[in-house]
Number of protein chains: 2
Amino acid sequence: MSKNDSISMSVIRRLPRYYRFLSELNDQNIDKISSTKLAQIMNVTASQVRQDLNCFGGFGQQGYGYSVSQLKEEIKNILGLNNDYKAILIGAGNLGKAVAMHMNFEKLGFELIACFDNNEQKVGSKLNGITVKNESELDDFCNKNHIDTAFLCIPRVCVENVLDKLYSHGIKNYWNFSHYDINARYNDTMVENVHLSDSLMTLCYRMNNN
Amino acid sequence: MSKNDSISMSVIRRLPRYYRFLSELNDQNIDKISSTKLAQIMNVTASQVRQDLNCFGGFGQQGYGYSVSQLKEEIKNILGLNNDYKAILIGAGNLGKAVAMHMNFEKLGFELIACFDNNEQKVGSKLNGITVKNESELDDFCNKNHIDTAFLCIPRVCVENVLDKLYSHGIKNYWNFSHYDINARYNDTMVENVHLSDSLMTLCYRMNNN
DNA sequence: TAGATTGTTAATCGATTAACAATC
DNA sequence: TAGATTGTTAATCGATTAACAATC
């Protein structure tokens, strides 16, 4: 279909940032912007802005620039934020709790429909209105509900067991906070990793070598 | 000094991953590995492994390969994980709590020495043995203690005020969980961003366009 | 020594930037 | 129309991969 056949990850990873800056401009009731000005604000080159946007279509108007509100909506659609992907969260520890409580899933194209934990202590507690279920109910829940993606907030050593179960139910999209290498086990999965400790190590390196 | 004059961010961001895989191999008591085998395990090319490592020195031995334990230690040193950088955490909400409780700072070159929050409800509670202080004590604390870096787990709108304060005390390294653009305000800061919602949006895009 | 594997140079590939014709 | 700014092609830059001589 049309242009977005094989957009590079470099471009894809910049999209949320465009979306954020455009949302801000829109909130400030600015209705037009040129690639040059947007680039200035975002601290990138105007060429990059135009190249990136043109991966998806000609959203601008020569001699004028881009309509902020229109471009913002375009990117929202490109990202797919109007979706309502059903997500479940595995692991209601500190990290899982933070993910459940902190994120505005609705604005990101997701709906969190259930949380699971294997710790009896946590079962029954509520996260953003969702009662934490016992992990033993996971299979049953997967059978009875359509699930698009799983957010894994469990320790590395626990992932394989849970992953095998989820994969057997056809779940192939993962937001993974552990260091378990999901793709190595199932190469047809779509995995977005968040490696907090890698990020902190990178900061450490840079502090050493500034 | 020597080789690591201007290592590209691409290489730097791969270092934690090397460190992880080497640590694992070491735990399995494997004592030698070739670039080819390591590349296989990590799903990259052997060329990249050798190029990356040679940015920092010739750690291998021709005809033999690399000593796992030695290479692991080398990378640990390159990353600077033996440091004891003093860090403070701003924001003891769900995210801040998760960061404080979940991370093994000691193994990452940091020591968390204080937490602050402006919410009276949170002040006095304990995170991993550290009592949450009132944000009003921040200035005083900065005056009396050496601080290398701040972890910002506060909402975007709260960052500017806190940042100005921290920067005035000479703190220039930040682990930033908000969408506030620290570098735009102070361009001599070292910032490592964690943008959870950007990550989730990227997953959303990829789910739409698999 | 012969075999293996590194360190490093050269070739390729992809991403970013510059330039400019098209056009509003 | 003249001025501005896009969309797009071409040039540059950097990162990845391949090749191979050095050497353990």
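The values are calculated or read from the model by the stated rules, or taken from the named source; none is laboratory data. If you're wondering where the values come from, they're calculated on a predicted model, not measured in any experiment. With ideal geometry, Cβ positions are generated from the backbone for all residues, glycine too; neighbour counts draw on all protein chains shown. Accessible surface areas use protein heavy atoms only, side chains included; no ligands, DNA or RNA. Shrake-Rupley method; radii C 1.70, N 1.55, O 1.52, S 1.80 Å.
Just to be sure before I move on: is A:Gly91 more than 16 Å from DNA strand C (Cβ to nearest atom) and more than 17 Å from A:Leu15 (Cβ to Cβ) in the structure I sent? Steps first, answer last, please.
Details: more than 16 Å from DNA strand C (Cβ to nearest atom): yes; more than 17 Å from A:Leu15 (Cβ to Cβ): yes.
Spelling it out, A:Gly91 is indeed more than 16 Å from DNA strand C (Cβ to nearest atom) and more than 17 Å from A:Leu15 (Cβ to Cβ).
Could you pull out the residue among B:Ile78, B:Ile41 that is within 8 Å of chain A (Cβ to nearest Cβ) and touching a Leu at 6+ places or on another chain (Cβ under 9 Å)? Walk me through how you get there before you give the answer.
On the way: B:Ile41 fails: within 8 Å of chain A (Cβ to nearest Cβ).
Being within 8 Å of chain A (Cβ to nearest Cβ) and touching a Leu at 6+ places or on another chain (Cβ under 9 Å) holds for just one of B:Ile78, B:Ile41, which is B:Ile78.
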- Taking into account only those residues within region A:172-210 that are crowded, with 19+ Cβ neighbours inside 10 Å and β-branched (Val, Ile, Thr), which is farthest from the other protein chains (Cβ to nearest Cβ)? A:Ile182
- Note on the structure: For B:Ser67, the lone unmet condition from (1) hydroxyl-bearing (Ser, Thr, Tyr); (2) open to solvent by 20 Å² or more (accessible area, probe 1.4 Å); (3) within 30 Å of A:Met9 (Cα to Cα) is (3)
- Message: I'd like to check something: does region B:102-117 contain any residue that is within 16 Å of DNA strand C (Cβ to nearest atom) and not acidic (Asp, Glu)?
- Response: no
- Message: Looking at region B:107-116, can you tell me whether even one residue there is free of Cβ contacts under 8 Å to residues at least 60 places away in the same chain, under 17 Å from B:Asn176 (Cβ atoms), away from chain A (no Cβ under 14 Å) and in contact with an Asp or Glu (Cβ under 9 Å, 6 or more places away or on another chain)?
- Response: yes
- From the list A:Leu25, A:Leu15, A:Leu38, A:Leu71, which residue is closer than 30 Å to B:Ala98 by Cα and of a type in the set (A, V, I, L, M)? A:Leu15
- Task: Six or more apart or on different chains, Cβ under 8 Å: which pairs go from a residue in region A:5-17 that's free of Cβ contacts under 8 Å to residues at least 12 places away in the same chain to one that's surrounded by 16 or more Cβ atoms within 10 Å (Cβ to Cβ)? Could you list them?
- Result: A:Ile12/B:Thr202; A:Ile12/B:Tyr205; A:Ile12/B:Arg206; A:Arg13/B:Asp198; A:Arg13/B:Thr202
- Query: If B:Arg50 passes every condition in (1) within 14 Å of chain A (Cβ to nearest Cβ); (2) within 16 Å of DNA strand D (Cβ to nearest atom); (3) among the charged types (D, E, K, R) but one, which one does it miss?
  - Reply: (1)
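Just to be sure, is B:Ala150 closer than 30 Å to A:Ile41 by Cβ, open to solvent by 50 Å² or more (accessible area, probe 1.4 Å) and not assigned by TED's automatic domain parsing to the domain that holds B:Phe56? Give the derivation first.
On the way: closer than 30 Å to A:Ile41 by Cβ: yes; open to solvent by 50 Å² or more (accessible area, probe 1.4 Å): no; not assigned by TED's automatic domain parsing to the domain that holds B:Phe56: yes.
For B:Ala150, the condition - closer than 30 Å to A:Ile41 by Cβ, open to solvent by 50 Å² or more (accessible area, probe 1.4 Å) and not assigned by TED's automatic domain parsing to the domain that holds B:Phe56 - is not met.
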